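K.L.:
After the structure tokens below, expect a handful of questions from me.
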Amino acid sequence: MTVILRTSFLNWFESSLTRDEEHAGDIIGANDYYFNDTDKMMAAIALLETLETVISQMCSVPETCARVEQALIPLFLVVLQRRLSDILSETVSLIESITYKRKEISLEMWQVFNELLKVLSPDSLPEFLPDCSTTLENFVSYGAPVLLQTPEYLPKLFAIIDYTMAVAEDGGYDSVSDKMSAIDLIESILLYCRGHIDQVIPHVLDLMANQLLSRNKKDADEEMSKTLIIRSIEVVLNCLYYSASITLGHLQRQGWLNAFLTIWS
């Protein structure tokens, strides 16, 4: 069933798309496409929802789950490579479901991870991080050894995190929600890569200090602002749990330790 649905999707997929010619010559949006017909877009969404049901109902057996994943990888890649924002959320939801069901990351799925990083890069579609953060967390939690063995992965993840944490409150989309998603991703990295990422702890502390030390800035949603402060404190505490010596040493060198303790209390 998965193969039939996937083949049907791919057969009419290309003829349903139009390239975003308005930005074809730009670095940003150069590879973006959109559906040339609303009915075709709705049909694609319906098909992806059907595949979501297949995964949720039929993938309890590891061998079946692996076969479904292999059948879907071409679909994942073509949507991500076209940066098709119309169905990006639904596609990423499928990736999240299959990685959660498998609880391991196959060699082929790392190709999907690479394309997902390209989609979320600062010069592409970083505003989709809230839709993709749990999927990225699955790659971190179930594929940490490969993640750590591949030198370019962590810098690319932190490029996305850095951009998101730097977005102003009037950044054109829900920047507080985006920052929450970035914090979720940071916490997954700290948890599943513990003992192997000493070099990123000072950078994480710098990111959180920027949030905490600017906490008095006016925010459109006071409760969300308070939540962001709490989550930022939690990240610092996670850094402390990761390595007390690295964390306290960096906070002291930067002159932030007393300020952090005050905010925490």
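K.L.:
For the condition of a type in the set (Lys, Arg) and open to solvent by less than 50 Å² (accessible area, probe 1.4 Å), what is the one hit in Lys118, Lys101, Lys179, Lys156?
P.N.:
Details: Lys118 fails: open to solvent by less than 50 Å² (accessible area, probe 1.4 Å); Lys101 fails: open to solvent by less than 50 Å² (accessible area, probe 1.4 Å); Lys156 fails: open to solvent by less than 50 Å² (accessible area, probe 1.4 Å).
Step by step, each of Lys118, Lys101, Lys179, Lys156 is checked, and only Lys179 is of a type in the set (Lys, Arg) and open to solvent by less than 50 Å² (accessible area, probe 1.4 Å).
K.L.:
Moving on to the next point. Any residue at all in the range 50-59 that is over 26 Å from Asp123 (Cβ atoms), out of contact with any His (no Cβ under 9 Å at 6 or more places or on another chain) and either in contact (Cβ under 8 Å) with a residue 60 or more places away in the chain or not in a helix (DSSP H, G or I) (or both)? Walk me through it before giving the result.
P.N.:
Taking the range 50-59 first, the residues over 26 Å from Asp123 (Cβ atoms) are 50-59.
Subset that is out of contact with any His (no Cβ under 9 Å at 6 or more places or on another chain): 50-59.
If we keep only those that are either in contact (Cβ under 8 Å) with a residue 60 or more places away in the chain or not in a helix (DSSP H, G or I) (or both) as well, we get 59.
Yes - at least one qualifying residue is present in the range 50-59.
K.L.:
Scan the range 168-176 and tell me whether some residue there is within 21 Å of Ser124 (Cβ to Cβ) and at pLDDT 95 or above.
P.N.:
no
K.L.:
Anything in the range 47-68 that is under 12 Å from Glu90 (Cα atoms) and of a type in the set (D, E, K, R)? List them, or say none.
P.N.:
Glu49, Glu52 - these are the residues of the range 47-68 that are under 12 Å from Glu90 (Cα atoms) and of a type in the set (D, E, K, R).
K.L.:
Taking Leu147 as meeting all but one of (1) under 22 Å from Met41 (Cα atoms); (2) free of Cβ contacts under 8 Å to residues at least 60 places away in the same chain; (3) open to solvent by less than 20 Å² (accessible area, probe 1.4 Å), write down the number of the exception.
P.N.:
It is condition (1) that Leu147 fails.
K.L.:
Could you list all residues from the range 36-95 that are under 16 Å from Trp12 (Cα atoms), of a type in the set (Val, Ile, Thr) and open to solvent by 10 Å² or more (accessible area, probe 1.4 Å)?
P.N.:
Once the filter is applied, which keeps residues that are under 16 Å from Trp12 (Cα atoms), of a type in the set (Val, Ile, Thr) and open to solvent by 10 Å² or more (accessible area, probe 1.4 Å), the range 36-95 yields Thr38, Ile45, Val78.
K.L.:
Starting from the range 238-265, keep only residues that are outside any helix (DSSP H, G or I), then list their pairs with residues that are open to solvent by less than 40 Å² (accessible area, probe 1.4 Å) whose Cβ atoms are within a distance under 6 Å, requiring at least 6 positions of separation or different chains.
P.N.:
Pairs found: Trp256/Ala209.
The values are calculated or read from the model by the stated rules, or taken from the named source; none is laboratory data. Values in this document were obtained by computation on a predicted structure and should not be read as measured data. Backbone-built Cβ (ideal geometry, glycine too); neighbour counts: all protein chains shown. Keep in mind that these areas ignore ligands, DNA and RNA; they rest on the heavy atoms of the full protein, side chains included. Shrake-Rupley method; radii C 1.70, N 1.55, O 1.52, S 1.80 Å.
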